[in-house]
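A short write-up of the structure that comes next.
The values are calculated or read from the model by the stated rules, or taken from the named source; none is laboratory data. It should be emphasised that the depicted structure is a prediction, and the values quoted were computed from it without experimental measurement. All Cβ positions, glycine included, derive from the backbone under ideal geometry; neighbour counts span all protein chains shown. In case anyone asks, the SASA skips ligands and DNA or RNA and just uses the protein heavy atoms, side chains included. Shrake-Rupley method; radii C 1.70, N 1.55, O 1.52, S 1.80 Å.
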Amino acid sequence: MNRLFSLELPFTRFLRNVVLVSLAALIPVVLLYVATRPGFGAMLLGGGPALSRFLRQIITNGLPVVFIVNYISFFLFAWMNTGSRGKRDSAFIVLVDITARLMAFVVLHALIYVLSADWFGSFAGSRITALSVVAPTLARSALFENISGAYLYATLVSALPLYVGAVERSALFDRLARRFPRKSGPVIIALALFACFALILSGIAALAVHLQEGFSWGGAG
């Protein structure tokens, strides 16, 4: 992983590696999503508008989201490996990454949904409708209930090496990591940190849904 993502690499090669790894992570998770939806795979195999809309969603929504989130994490991974973080504990990098992931998922979904309404007539061509579905969509993504869940879990490919490396270098995480057998501690903690990110994202989105419903009822009153 260090060879694939290093600040010493030319920018174009670094970018290419992020694209390739993002595709390698996204494709199997999307296929898993399709396989777990009864009848969905057969409908897509039939071609037609259903397949074209699904592929368009993957290309215009899924790939940009997964790529940008992975790029952020792989950049932080490469930066961490240069030893340029100074005296800060590497747990700080995890905090930066989780914050950036949360912002990227929300902002990118909102932006892409609005653009989809403008360009493709999605959401009945309404920007307001497009924005209103962002929170409900993200609230269910951690449970893999919609295609955004596939995008979310496809970014595990960048979170895991970053979080494992950060935990291994962190004095804050060291005592906790030693509670686990052998070298499994950093991996277990890294998975737990990613789970925390997914839960925080869903929690924030669920709160936004609640606020949306409150405003809706208030307006109706």
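Things to note:
- Summing charges over all other residues whose Cβ lies under 14 Å from the Cβ of residue 199, with Lys and Arg as +1 and Asp and Glu as -1, gives +2.
- Full extension of the chain between residue 55 and residue 23 gives 10.2 nm of extra length, using 0.36 nm per residue less the Cα-Cα distance.
- Folded to 0 to 90 degrees: helix 91-120 orientation relative to the chain principal axis, Cα: 20
- With the convex hull drawn around the C-alpha atoms of the range 136-221, the volume per residue stands at 109 Å³.
- Ranking 16, 140 by solvent-accessible area of protein heavy atoms (1.4 Å probe, all protein chains present), from largest to smallest, gives 16, 140.
- Under Karplus coefficients 6.51, -1.76 and 1.60, residue-wise ³J(HN,Hα) of the range 35-50 in Hz, glycine/proline x: 5, 8, 10, x, x, 5, x, 5, 5, 5, 5, x, x, x, x, 4
- Accessible carbon and sulfur surface of the range 1-80 relative to its total accessible area, %, 1.4 Å: 72
- Solvent exposure ordering (accessible area, 1.4 Å, most first) of 209, 65: 209, 65
- Probing with 1.4 Å while keeping every protein chain in the model, the per residue accessible area of the chain equals 55 Å².
- Take 117-128, 89-100 and order them by the average number of nearby Cβ atoms within 10 Å per residue, most first; the result is 89-100, 117-128.
- The angle between the Cα long axis of helix 63-81 and the longest principal axis of the Cα atoms of the chain comes to about 10 degrees, rounded to the nearest 10.
- Between residue 182 and residue 115, the modelled label-to-label distance comes to 4.5 nm, taking each label 7 Å out from Cα in the direction of the beta carbon.
- Distance cut-off 33 Å, percentage of C-alpha pairs in the chain lying past it: 23
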